[in-house]
1. Hey, what D do you get for segment 75-210 in µm²/s if you plug the Kirkwood alpha-carbon radius into Stokes-Einstein at 4 °C and 1.567 mPa s?
2. Would you give the gap between the C-alpha center of segment 324-339 and the C-alpha center of segment 52-94, rounded to a whole Å?
3. Label-point separation (nm) for ASN360 and HIS345, each offset 7 Å from Cα along Cα-to-Cβ?
4. Determine, for each peptide in 57-68, 122-133, the mean count of other beta carbons within 10 angstrom over its residues, then list the peptides with the highest first.
5. From Cα pairs below 8 angstrom and at least 6 apart in sequence, can you work out the relative contact order of segment 40-144, rounded to a whole percent?
6. For ASN326, list long-range residues whose amide hydrogen, built 1.01 Å from N in the peptide plane, is under 5 Å from its own amide hydrogen.
7. Once fully extended, how much extra length lies between ARG57 and ASP154, figured as 0.36 nm per residue of separation less the alpha-carbon to alpha-carbon distance?
8. What list of ³J(HN,Hα) couplings, whole Hz, do you get for segment 348-353 from phi and the Karplus terms 6.51, -1.76, 1.60, once you set θ to phi - 60° and write x for glycine and proline?
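What follows draws every value from the coordinates through simple rules; no lab data is involved. Remember, predicted model here, so these are calculated numbers, not experimental data. Ideal geometry is used to build each Cβ from the backbone, glycine not excepted, and the neighbour counts take in all protein chains shown.
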Amino acid sequence: MTPRRLLPLAGMLLGACTLLQAAPAADAVLQAVAAARPGATVTVPPGVHHLHLVLDRPLTLAGAPGAVLDGDGTGSVVTITAPGVTVRGLVVRHSGSDLTATDAGIRVGQAARGAQVLDNRIEDVLFGVYLDGPAAVDVRGNTIVGMPGLRPPDRGDGIHLWNDTGCTIAHNDVSGTRDGIYVYISPDNVIRDNHIHGVRYGVHYMYSKHNELTGNVSHDNTAGFALMASDHLRVVGNRAYRDMSYGILLNYINDSEIRGNEIRGIAGQFDADGNVIVGAEGKALFVYLSQGNAIVDNLLADSRIGIHVTAGSNANRIVGNAFLGNRTQVMYVQNAAQEWSRPGHGNYWSNYAGWDLDGNGIGDVPYRPNDGVDALMWKYPDARLLMSSPSVLLLRYVQRAFPVFATPGVSDHFPLMAIPAAWRGHQP
């Protein structure tokens with residue numbers, strides 16, 4: 001047999017030897033877990049261990065440097081079914097890809113109250129960490145990479161919460177999944193300081209109340225923070241940039257605080273003819289069917305649309321925000337007039353053309369971002385073809401000269417002359 005023909009055979013023999021060596025190592029890990037007393041620490045030694053673990057008693061599973069748990073493309077790699085379990089410092093990889101079975105790198109069952117998933121690298125997995133109903137779980141410091149080779153609808157979420165309460169999801173880096181963090185019917189959780197990129201929605205809320213969403217960063221996603229059908233959320237100090245559709249979406253969000261968030265560069269996506277693709281309109285903030293919210297002290301900048309308000313979104317307090325360099329500052333599609341200020345304090349508008357004769361930092365004439373022509377164009381988009389025609393320009397002039405023709409819209413009677421101090425260092 002020629003040396004060239006021996007090479008494939010040598011490779012097969014080497015692979016078989018590797019598997020024979022890995023099997024005893026994996027068996028040793030399984031035996032150590034099975035023999036562990038409650039409260040014990042089981043250290044996984046370096047090497048690749050091809051196995052599926054079920055942790056059914058309180059213990060700590062800790063990885064030595066170089067320890068890898070590999071699920072060989074089937075099922076969930078680690079399943080936690082008992083309270084008080086900690087999994088830390090491991091590489092967990094190669095779960096199954098069955099969405100119906102919700103295959104995950106680490107799956108946490110309903111009985112696993114107080115579980116901790118700390119400082120792991122979880123990769124080539126359908127769901128990264130799937131919380132299936134437990135309370136008071138801490139998911140912190142993990143790097144999660146999904147299955148980017150799958151179509152986005154066929155992927156799982158980086159961190160998935162279902163019917164969970166009192167959980168902390170913090171300092172994780174998530175990419176290549178469907179949604180970065182998905183929160184479904186899960187009240188009273190804290191989602192903070194996570195970094196999410198290369199997914200559909202950075203953070204996605206559905207039917208979840210009294211959550212805190214603070215200090216998270218979303219970029220290069222289809223959308224940043226999609227908040228839906230929830231109330232009493234505290235959304236503070238998050239950052240979204242270079243997302244395509246919107247930075248923050250409020251869809252049926254009520255009685256929530258949206259404060260101090262930085263949203264910039266939501267420029268939209270266009271087809272080959274230069275038309276905006278539906279669903280990727282480039283809105284820094286999109287407010288739909290949402291009421292009673294405090295939208296204050298945010299930076300909405302460098303986007304195709306600064307804020308879009310529609311569908312009965314009333315009784316929101318919109319004040320202290322900085323609208324900076326957006327192509328359209330406000331898109332307001334409603335029939336009721338709204339005042340976006342409180343006495344003596346409004347918002348900053350980079351295109352405000354008024355003056356401040358008394359030098360008190362407040363513009364002497366109100367800021368009105370839209371007129372009746374804008375409303376006409378939004379209602380009948382095909383009319384944009386006439387935007388620069390003499391007739392439309394004349395209509396704009398007449399409407400501004402004779403307020404009797406003005407349509408209900410947004411007014412800011414106390415526009416700020418200078419960008420708020422919190423955002424001065426964030427100007428381009």
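1. Numbers: Rh = 14.0 Å.
It comes out at roughly 93 µm²/s.
2. If you average the Cα positions of each part, the centres end up 50 Å apart.
3. 1.5
4. On the way: 57-68: 17.3, 122-133: 25.6.
The peptides rank, most packed first, as 122-133, 57-68.
5. On the way: 345 pairs, mean separation 23.8, N = 105.
Once divided by the residue count of segment 40-144, the mean separation gives 23 percent.
6. Sorted by chain and number, the residues that satisfy this are ASP302, SER303.
7. Values: separation 97, 0.36 × 97 = 34.92 nm, distance 3.29 nm.
Additional length available on full extension: 31.6 nm.
8. 9, 10, 5, 9, 5, 10
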